[in-house]
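**Student:** Shown below is the structure under consideration.
The values are calculated or read from the model by the stated rules, or taken from the named source; none is laboratory data. Model, not experiment: these values are computed from the prediction. Glycine gets a Cβ as well: all are built from the backbone with ideal geometry, and neighbour counts include every protein chain shown.
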Amino acid sequence: MKPGERIRQLRKTQGMTLHELALRTESDVGNLSRLERGVQGYSELMLQKIAAALETDVATFFTAPETEIAAEKKSPLLPSNGRSESKIFRIHRLDLPTPAAEINAANDTVALIRALELEPERARLIFGSLPADSIRLINLKGDSMAPTLEPADLVFIDISVNAFDGDGIYIFSFNGNLFVKRLQQVKSSLYVLSDNTRYKEWIISEQEIPSLQLLGRVIGAQSQHYRHLG
């Protein structure tokens, strides 16, 4: 387990949000999010601040938890198909918040697939070091993000990103509706952009941002076009 993953694990175990950790370390939410995902480096001073905020020591970030060490020492029997369940990279469907989970014509998503299983080697090629429990999937509805994302595309979401982390495509809940849109920060407001030019941009003002719930950042998509062959 890498230091960023360990920090995220310890933070979530304590029920601490990225925003709270940022306040305690006098850091930026975006920087901490990238550090946890392993896409940004870290300084010794930053690790010391994080360790103090989590009431632990820096060495803990470089040590696997006891449960993980114990699991590595075991030699589990493989099932009859020769595959160990613990080695399957399983991505689950995104749990939608209420009332966004309810059927709503304004929603940009639809639940079609419950889960996806990949061989670890294949998952590593696609997602790098991002663990399966940080990834969720959902199917896109509508063409507002075409041609980047097409209707019914299987969208992969990094749910470890639960705060705005720079311009990009996010899945978020706002005023009871669920959106998959490109967010761009302009001063204290967020511009909501569709890649399809037929759809107009709109703005989430600074006063409205508390009503915004970010569920994750879109990191990829897979086409779901089905060809009938008879």
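**Student:** Please determine whether any residue of the range 44-54 is outside the structural domain of residue 159 (by TED's automatic domain parsing) and at pLDDT below 85.
**Tutor:** Looking through the range 44-54, at least one residue is outside the structural domain of residue 159 (by TED's automatic domain parsing) and at pLDDT below 85.
**Student:** Residues being under 30 Å from residue 116 (Cα atoms), assigned to a loop (DSSP other than H, G, I, E, B) and charged (D, E, K, R): count how many of those fall in the range 198-230.
**Tutor:** Residues flagged as under 30 Å from residue 116 (Cα atoms), assigned to a loop (DSSP other than H, G, I, E, B) and charged (D, E, K, R) within the range 198-230 amount to 1.
**Student:** Having 1 or more residues that are within 18 Å of residue 214 (Cα to Cα) is the bar; report the helices (runs of 4 or more DSSP H) wholly within the range 13-68 that clear it.
**Tutor:** Output list reads 18-25, 29-36.
**Student:** Report, ordered by the first and then the second residue, all pairs with beta carbons closer than 8 Å, sequence separation of six or more or different chains, a first member in the range 185-196 that is touching a residue at least 24 places away in the same chain (Cβ under 8 Å), and a second member that is in a strand (DSSP E or B).
**Tutor:** 190/183; 190/184; 190/203; 190/204; 190/212; 194/181; 194/182; 195/182
**Student:** Here's a follow-up. Any idea which of 137, 96 is outside the structural domain of residue 33 (by TED's automatic domain parsing) and either at pLDDT below 90 or among the β-branched types (Val, Ile, Thr) (or both)?
**Tutor:** Only one candidate qualifies: 96.
**Student:** Right, something else. Quick one: is residue 195 part of a loop (DSSP other than H, G, I, E, B) and within 30 Å of residue 35 (Cβ to Cβ)?
**Tutor:** Yes: the conditions hold for residue 195.
**Student:** Kindly list the number of the only condition in (1) among the polar types (S, T, N, Q); (2) more than 16 Å from the chain's Cα centre (by Cα); (3) under 21 Å from residue 93 (Cα atoms) that fails for residue 175.
**Tutor:** Every listed condition holds for residue 175 apart from (3).
**Student:** Let me ask something else. Can you work out which of the residues in the range 18-38 that are surrounded by fewer than 18 Cβ atoms within 10 Å (Cβ to Cβ), in contact with a helix residue (DSSP H, G or I) (Cβ under 8 Å, 6 or more places away or on another chain) and in contact (Cβ under 8 Å) with a residue 12 or more places away in the chain is nearest to residue 56 (Cα to Cα)?
**Tutor:** 24
**Student:** Suppose the filter is of a type in the set (A, V, I, L, M), within 19 Å of residue 89 (Cβ to Cβ), at pLDDT 90 or above and buried (at least 18 other Cβ atoms within 10 Å of the Cβ); does residue 169 pass it?
**Tutor:** When the stated conditions are applied, residue 169 does not pass them.
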